[in-house]
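What follows is a short report on a single structure.
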Amino acid sequence: MKDAKTFWNQIAAKYAKQPIADMDSYEYTLARTRSYLKPTDTVLEVGCGTGSTAILLAQNVASMTATDISDQMIEVGRAKARDENVQNLTFQEVDVLNTGLNGEKFDAVLAHNLLHLIEDLPTSLAQISQHLEPGGVFISKSVCGFGQNAPLKFRLIKTLIPLMQFLGKAPFVAFRTIEDHEAAIKAAGFEIVESGNFPQSPPSRYVVAIKT
């Protein structure tokens, strides 16, 4: 299996051209996220990809830092931000979940479509917590629901993923249930204040949590 940075660098150009699969769910969760952000907030996005979500949310906050391990993804994001003249958004190529950002604190941390790609979730959540003051908000959206009761389609995907990884066609994917996913967030010192599946299938778990 390719390391994560190599994998995402190689698909960055293709990824940037892919349309959003479920626009209704995407726009709904964007609206919910905006409702938790204030104009004075500083915001960190971890695993920003090509920056589409960061660009849309930056207008609602004081400043936003968008990070990703893929330099190719970051370059696409910077170009898009320049084209749209978004001036309060900074892109950084950095693995926040391993190295952090020199102890910098934010009012909110976002991790959209990321946590199911993380092998050591407890350590990553601990790193995220370090970038929030008590009372800070952590908003994530992650594919879940691969338990024994998952639809046949997703159980087949789970079976095929190791072969795709061997061929370099898929990254690491964690097959967590919603219950295990949320338990890990709570164990990291967060209180979940909102959650739901958007879309329902495959379950993409949207979670808003407050650092206690």
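Every read-out reported here was derived from the displayed coordinates using simple, explicitly stated rules and does not represent laboratory data. Keep in mind it's a predicted model, so treat the numbers as computed, not measured. When we count neighbours, we look across all protein chains shown, and the Cβ atoms used for this are built from the backbone with ideal geometry, even at glycine.
Quick look at the numbers
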quantity: Charged-residue dipole, Cβ positions (Lys, Arg, Asp, Glu), region 24-151 about Cα centre, Debye nearest 20; calculated: 360
quantity: Amide H contacts under 5 Å for Gly136, placed H, 5+ residues apart; calculated: Lys211
quantity: Where only C-alpha atoms are counted, convex hull volume of the chain per residue in Å³; calculated: 114
quantity: Farthest positive-ward along the chain dipole, Cα basis, beta-carbon charges - from Tyr36, Asn197, Gly49; calculated: Asn197
quantity: Cβ-Cβ FRET estimate between Ala183 and Tyr15, R0 fixed at 35 Å, reported to 0.05; calculated: 0.70
quantity: Residue-averaged [θ]222 nm for the chain, counting only DSSP H segments that reach four residues, each worth -39500 (n - 2.57); calculated: -12500 deg cm²/dmol
quantity: Length added when fully stretched, Arg82-Asn102, from 0.36 nm per residue minus Cα-Cα; calculated: 4.6 nm
quantity: FRET efficiency, Ala126 to Met23 (Cβ-Cβ, R0 41 Å, nearest 0.05); calculated: 0.75
quantity: Most fluctuating residue given options Ala111, Ala58, Ala170, as computed from a GNM of the chain linking Cα atoms under 10 Å; calculated: Ala170
quantity: Label zone at Leu56 (point 7 Å along Cα-to-Cβ), backbone N below 18 Å, region 19-39; calculated: 19-38
quantity: Reach of Lys158 by Cα under 17 Å, taken over lysines that are not fewer than 8 positions away in the same chain; calculated: Lys169
quantity: Ranking of Cys144, Cys48 by count of other Cβ atoms within 10 Å, fewest first; calculated: Cys144, Cys48
